[in-house]
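Report on the structure given below.
Please treat every number below as a calculation from the coordinates, not as lab data. Remember, it's a predicted structure, so these values are computed and weren't measured experimentally. Counting neighbours? That spans all protein chains shown, and the Cβs are built from the backbone with ideal geometry, glycine included.
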Ligand code: SF4
Ligand code: SF4
């Protein structure tokens, strides 16, 4: 297993971390046999970083993780959990949150503690409730050892959160397709420059970079028999500032493949970077509609979320993942009109700086994605 030292700190984490928040359930409960087997396999193969959070698997994730990890010596692994803002409504609730977590996780301390999924809105909560001061107090008391945040918003917000505290580590979303979204690779470079250890989530883009069309993945398959996921993981692991790559593993096969990637970890060669570049370009070319999300076409006469629909269309064209597309689509139509309701008035197309023939493209989307009807 590849390990990474956290600069001058006495911390050495396995580069592959176990994201335990997506464990499979059976009859409404976490499938214990399957879950414990995954923990054992991870631990026995050198994974020493385990990541959880209270809201996952119906609020039962931490309790299960606590039970699984209780079987190993406490000082032999790093345990990470988060202050989840969806579960607290006031400063008082924040003050009582950690004790509940420690009880569920059956431990006296957490190695890594994160402000969960920071964004503009949560930044206000952090300021109003003096959350940073609360975290510092918990750290002084030895209840948490390292303070960080995970992040989902734009680069400017990232800089603002980064400037709020002297962070021990930061968790960001990064993969070879998402170098320009959220904080992007720019945010990674800022952290590397400041020697702030980086934990990466979504290295395989929620599984999308493990399953796209074999035709697009040809530069990979012509080069070696390594899995598509391993290319994505190695791209992230080749960044020296990355100290942990979280993979939300819930199948043994996936864990075995990931462990193989990190057992004899090799950073990408120049030739391998070229392969990734070719695949990335092919994925980008597969985009169905050249929509920039400028939103000039809105409001639509009947209330269709035009750029939202094109985002779903493009995602499907690139990754060919029907399940994902259906999920995104059902979220989208909660607050907007179905695209099949388009009356072809053409008002939107007149506003589009990309000259997209919007009503025609919406029709094409329905033809290509009949499962949305
Ligand atoms: S053409 Fe369709 S999508 Fe465009 S504004 Fe009219 S109804 Fe909305
Ligand atoms: S105006 Fe055109 S490019 Fe802008 S969001 Fe609408 S469809 Fe996309």
### Task
Averaging sequence separations of C-alpha pairs under 8 Å and six or more residues apart, then dividing by the length of the range 172-251, give the relative contact order as a whole percent.
39 percent
### Message
How compact is the range 163-208 by the rule of thumb for globular proteins, expressed as Cα Rg over 2.2 N^0.38 Å?
### Response
1.16
### Query
What angle do you read, to the nearest 10 degrees and between 0 and 90, between the alpha-carbon axis of helix 358-368 and the longest principal axis of the chain?
70 degrees
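Between residue 75 and residue 327, what FRET efficiency comes out of the Förster formula 1/(1 + (r/R0)^6) with R0 = 41 Å and r the beta carbon distance, rounded to 0.05? Working shown, then result.
Details: r = 40 Å, r/R0 = 0.98.
Once rounded, the FRET efficiency stands at 0.55.
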### Query
Tell me, in nm to one decimal, what length is gained between residue 265 and residue 347 on full extension, where the rule is 0.36 nm per residue of separation less the Cα-Cα distance?
24.1 nm
#### Entry: Percent breakdown of C-alpha pair distances by 20 Å bin, ordered from the shortest bin, for the chain
26, 55, 19, 0
### Query
How long, wide and thick is the range 306-372, going by the Cα atoms along their three principal axes, in whole angstroms, largest first?
33, 24, 18
### Task
Determine the principal axes of the Cα atoms in the range 124-253, then give the extent along each, sorted from largest to smallest and rounded to whole angstroms.
54, 32, 25
### Query
To the nearest 500 deg cm²/dmol, what mean residue ellipticity at 222 nm is calculated for the chain from DSSP H runs of n ≥ 4 alone, each contributing -39,500 (n - 2.57), summed and divided by the residues?
-13000 deg cm²/dmol
### Task
Grab every C-alpha pair in the range 1-154, bin the distances at 10 angstrom width from 0 up to the longest one, and report whole percents.
10, 40, 35, 14, 1
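Sort 285, 139 so the one with the fewest other Cβ atoms within 10 Å of its own Cβ comes first. Write out the running numbers ahead of the final one.
Details: 285 10, 139 16.
Ascending Cβ contact count within 10 Å gives the list 285, 139.
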### Query
By how many degrees, between 0 and 90 and to the nearest 10, does the Cα long axis of helix 270-285 differ from the longest principal axis of the chain?
40 degrees
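Out of every Cα pair in the range 259-356, what percent are spaced more than 15 Å from each other?
Working: 3335 of 4753 pairs.
Distances greater than 15 Å cover 70 percent of the Cα pairs.
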### Message
If I model a spin label as a point 7 Å beyond the Cα along the Cα-Cβ vector, how far apart are those points for residue 181 and residue 311 in nm?
### Response
0.8 nm
### Query
What order do you get for 225, 230 when you list them from fewest to most C-beta neighbours inside 10 Å?
225, 230
#### Entry: Length gained when the stretch residue 154-residue 40 is fully extended (0.36 nm per residue, less Cα-Cα span)
37.3 nm
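Tell me, in nm to one decimal, what length is gained between residue 121 and residue 100 on full extension, where the rule is 0.36 nm per residue of separation less the Cα-Cα distance? Walk me through the numbers before you get to the answer.
Values: separation 21, 0.36 × 21 = 7.56 nm, distance 2.43 nm.
Working it through step by step, the gained length comes to 5.1 nm.
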### Task
Report the equivalent ellipsoid semi-axes for the range 187-261 in whole Å, largest first, defined as the square roots of five times the eigenvalues of the gyration tensor built from alpha carbon atoms.
24, 15, 11
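For the chain, what does the relative contact order come out to in percent, with C-alpha contacts under 8 Å and a separation of six or more? Intermediate results must be reported in sequence, preceding the final value.
Numbers: 580 pairs, mean separation 54.2, N = 373.
This gives 15 percent for the chain.
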### Task
Sort all Cα-Cα distances of the range 52-120 into consecutive 5 angstrom bins from zero, then give the percent of pairs in each bin up to the one containing the longest distance.
3, 16, 29, 26, 15, 7, 3, 1
### Query
Using alpha-carbon pairs under 8 Å, 6+ residues apart, how would you state the relative contact order of the range 306-372 in percent?
35 percent
### Query
In what order do 157, 57, 25 fall by count of nearby beta-carbon atoms within 10 Å, going from fewest to most?
25, 157, 57
